[in-house]
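Participant: First the structure, then my questions, so here it is.
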Amino acid sequence: MKKEIIVQKYGGSSVANIDRIKIVAKRVLSAKKKNNNIVVVVSALGDTTDELEDMAFKISSNPPEREMDMLMSTGEQISCALLAIAIKELGHNAISFTGNQVGIRTDSSHTKARIETIECERIRKAHQEGKIVIVAGYQGVSVENDITTLGRGGSDLSAVALAQAMKADVCEIYTDVTGIYTTDPRKVKNARKIKTITFDEMLEMASLGAQVMQARSIEVAKRFNIPIHVRSSFSKEEGTMIVKESPKLEEIAVRGITCNKNEAKITICSVPDQAGVAAKIFTEISKIGANVDLIVQNVSHTKHTDISFTVPKTDLAKAFKTSQAIAKKINAGNVSKDENVARVSIVGSGMRSHHGIAAKMFRCLADNKINIDMISTSEISISCIIDQQLMDKAVKALHKKFELDKI
Ligand code: ADP
Ligand code: ASP
Ligand code: MG
């Protein structure tokens with residue numbers, strides 16, 4: 001008889017302390033009793049990764065990325081060893097591995113490495129010996145034999161990639177909420193749990209701020225069509241299935257609301273309105289590796305125009321400096337920056353076939369006296385840049401307007 005392979009990933013809050021690790025050990029064992037081969041991926045305990053990062057930034061404002069990976073990957077090594085000890089204490093055989101030990105090979109882009117291959121030999125051997133395998137999430141190893149990390153939230157990616165490599169039957173993501181909600185249930189009390197959501201919708205929600213799943217992990221799940229079950233590690237309740245197609249897709253235009261404060265706005269005033277100027281500006285900005293997202297160019301009446309764009313806050317300092325230098329070169333005016341902005345977005349595949357969604361969103365913000373600074377759309381989302389202080393109010397208002405509290 002074919003043995004089932006299950007990948008389970010437990011997030012930081014699920015392994016935040018010793019008592020929780022013991023609970024996870026029991027949960028893993030109950031899955032082991034029903035199925036045969038288990039791979040468990042763990043995140044670092046609670047806020048360990050943030051604490052490690054803080055320590056480095058107390059020493060340097062620009063710590064070397066290779067050393068950051070050496071440091072930040074240690075959190076997962078602690079949790080995977082502790083979970084293996086907890087499972088053994090319950091009388092079952094288990095073995096913990098680092099990313100390197102199970103052959104998670106990545107490129108060399110430290111702090112945001114891409115997985116290239118996973119060997120799986122050691123996992124298979126351990127399974128043959130009847131062991132439960134625990135893998136440290138968020139990490140791999142480069143061709144130089146250096147430890148790499150997969151970007152924040154990267155244990156989700158470790159789990160999905162291992163599910164693909166092991167041809168697992170299920171990939172379960174255990175977290176501190178009972179599934180994917182119409183919006184962050186910690187911010188909006190009447191947020192509703194979504195039963196099934198498509199890869200496209202989840203990818204959009206994750207990229208636009210729903211931190212419950214790492215966006216890159218959904219890209220991989222989509223590419224290889226790996227269904228994911230997001231559920232709570234504290235209850236037995238069924239969670240949310242992330243799948244290729246959702247049965248109710250046609251009926252629902254807006255599936256969820258997201259928000260984030262990760263971006264900042266830069267404005268270059270009085271830019272000469274000539275061909276090639278925008279190209280010059282954004283070529284220089286791209287050279288420093290800043291990811292420009294939203295761009296707005298005001299209508300010109302005076303042969304000069306204002307250009308505003310957003311960049312991740314982490315890139316703001318260098319993007320601002322570069323913008324000032326370009327402004328001088330092209331005879332533009334002042335350059336200003338604004339960190340007090342937030343992005344609120346509505347997401348849903350049904351938008352493709354529904355009209356008036358954008359108008360409804362803008363009307364709702366207007367009725368709530370929320371000014372829209374910039375707008376961006378994709379096939380399945382609409383985002384507005386607004387005042388950061390009004391972000392939570394906007395999310396609540398949109399959630400109500402699109403009747404997401406009634407699904
Ligand atoms: P883990 O430690 O398990 O990886 P995270 O903190 O990364 O957990 O993600 C879970 C958190 O994501 C939840 O506590 C919740 O506040 C937040 N979240 C944001 N948006 C959503 C959403 N739409 N649905 C569910 N959770 C969300
Ligand atoms: N511990 C890492 C982080 O906090 C990876 C993860 O939890 O997924 O980003
Ligand atoms: Mg996470």
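Participant: I'd like the per residue volume of the convex hull spanned by the Cα atoms of the stretch 233-377, given in cubic angstrom.
Facilitator: 196
Participant: Over 10 Å intervals from 0, what percent of Cα-Cα pairs in the stretch 168-254 sits in each interval?
Facilitator: The percentages, shortest bin first, are 18, 54, 27, 1.
Participant: Cα-based Rg of the stretch 1-156 per 2.2 N^0.38 Å, rounded to two decimals?
Facilitator: 1.05
Participant: Still on this structure, I have one more. Taking the Cα centre of the chain as the origin and placing charges on Cβ (Lys, Arg +1; Asp, Glu -1), which of S13, T377, S336 is farthest toward the positive end of the dipole?
Facilitator: Working it through, the farthest residue towards the positive pole turns out to be S13.
Participant: How many percent of the alpha carbon pairs in the stretch 189-319 exceed a separation of 25 Å?
Facilitator: Tail of P(r) above 25 Å: 47 percent of Cα pairs.
Participant: If you split all Cα-Cα distances of the stretch 106-236 into 10 Å bins from zero, what percentages do you get per bin, shortest first?
Facilitator: Calculated over all Cα pairs of the stretch 106-236, the distribution is 12, 39, 34, 13, 2 percent.
Participant: Using θ = phi - 60° and the Karplus relation 6.51 cos²θ - 1.76 cosθ + 1.60, list the HN-Hα couplings for the stretch 199-208 in order, rounded to whole Hz, with x at every Gly or Pro.
Facilitator: Karplus-based 3J(HN,Hα) across the stretch 199-208 equals 4, 4, 5, 5, 4, 5, 4, 5, 5, 9 Hz.
Participant: Helix 357-367 versus the longest principal axis of the chain: what angle, 0 to 90°, nearest 10, using Cα atoms?
Facilitator: The answer is roughly 70 degrees.
Participant: Taking the Cα centre of the chain as origin, work out the dipole magnitude from +1 charges on Lys and Arg Cβ and -1 charges on Asp and Glu Cβ, in debye rounded to 20.
Facilitator: Details: 57 positive and 48 negative charges, 177 e Å.
Dipole magnitude for the chain comes out near 840 debye.
Participant: For D19 and K167, calculate 0.36 nm times their separation in residues minus their Cα-Cα distance, and state this gained length in nm to one decimal.
Facilitator: Gain on extension, D19 to K167, equals 50.1 nm.
Participant: Once amide H atoms are placed 1.01 Å from N in the peptide plane, what residues at a sequence separation of 5 or more from A94, or on another chain, have their amide H within under 5 Å of its amide H?
Facilitator: Correct list: I132.
Participant: Using 7 Å Cα-to-Cβ label points, what is the K3/Q128 separation (nm, one decimal)?
Facilitator: Distance between label points: 1.0 nm.
Participant: Could you line up C171, C259, C120 from fewest to most neighbouring Cβ atoms inside 10 Å?
Facilitator: Taking fewest neighbouring Cβ atoms as first place, the list is C120, C259, C171.
Participant: On to the next question. Any lysines with Cα under 17 Å of the K393 Cα? List them, leaving off those in the same chain fewer than 8 positions away.
Facilitator: Straight-line reach from K393, under 17 Å: K187, K189, K261, K360, K369, K401.
Participant: GluC sites (Glu not before Pro), restricted to the stretch 64-167: which are DSSP loop and have at most 15 other Cβ atoms within 10 Å? If you can, show how the numbers build up before the last one.
Facilitator: Values: sites: E65, E67, E76, E89, E116, E119, E121, E129, E144; in loops: E119, E129, E144.
Those that pass, being in a loop and sparsely packed, are E119, E129, E144.
Participant: Can you work out ³J(HN,Hα) from phi for every residue in the stretch 392-403, in order, using Karplus 6.51 cos²θ - 1.76 cosθ + 1.60 and θ = phi - 60°, giving whole Hz and x for Gly and Pro?
Facilitator: Along the stretch 392-403, the couplings run 5, 4, 5, 4, 4, 5, 5, 4, 6, 4, 8, 6 Hz.
Participant: Quick check: residue separation of D54 and E121 times 0.36 nm, minus the Cα distance between them. What number comes out in nm?
Facilitator: Taking 0.36 nm per residue and subtracting the Cα distance, the gain is 20.5 nm.
Participant: Moving to a separate point now. In whole Å, what is the distance between the alpha-carbon centres of the stretch 3-77 and the stretch 155-228?
Facilitator: 17
Participant: Under 21 Å between C-alpha atoms is the cut-off here; go through the stretch 1-91 and count lysine pairs that meet it, provided they're at least eight residues apart or on different chains.
Facilitator: 22
Participant: Quick one: compute the contact order of the stretch 109-262, relative version, from alpha carbon pairs under 8 angstrom and 6+ residues apart, as a percent.
Facilitator: Relative contact order, the stretch 109-262: 23 percent.
Participant: Stokes-Einstein D for the chain at 25 °C, 0.890 mPa s, Kirkwood Rh over Cα pairs, in µm²/s?
Facilitator: Working: Rh = 22.9 Å.
Approximately 107 µm²/s, per Stokes-Einstein.
Participant: Across 5 Å bins from 0, what is the distribution of all Cα-Cα pair distances for the stretch 324-407, in whole percents?
Facilitator: Using 5 Å bins, I get a P(r) of 3, 13, 22, 20, 14, 9, 7, 7, 4, 1, 1 for the stretch 324-407.
Participant: Per residue Cα convex hull volume for the stretch 127-198, in cubic angstrom? Present the calculation step by step, with values, prior to reporting the outcome.
Facilitator: Values: hull volume 10.9 nm³, N = 72.
Measuring per residue, one finds 152 Å³ for the Cα hull of the stretch 127-198.
Throughout, read-outs are computed from the coordinates displayed, never taken from laboratory work. Predicted model, so just to flag it, every value in this text is computed and none were measured. Note that we place each Cβ from the backbone using ideal geometry, even for glycine, and neighbour counts take in every protein chain shown.
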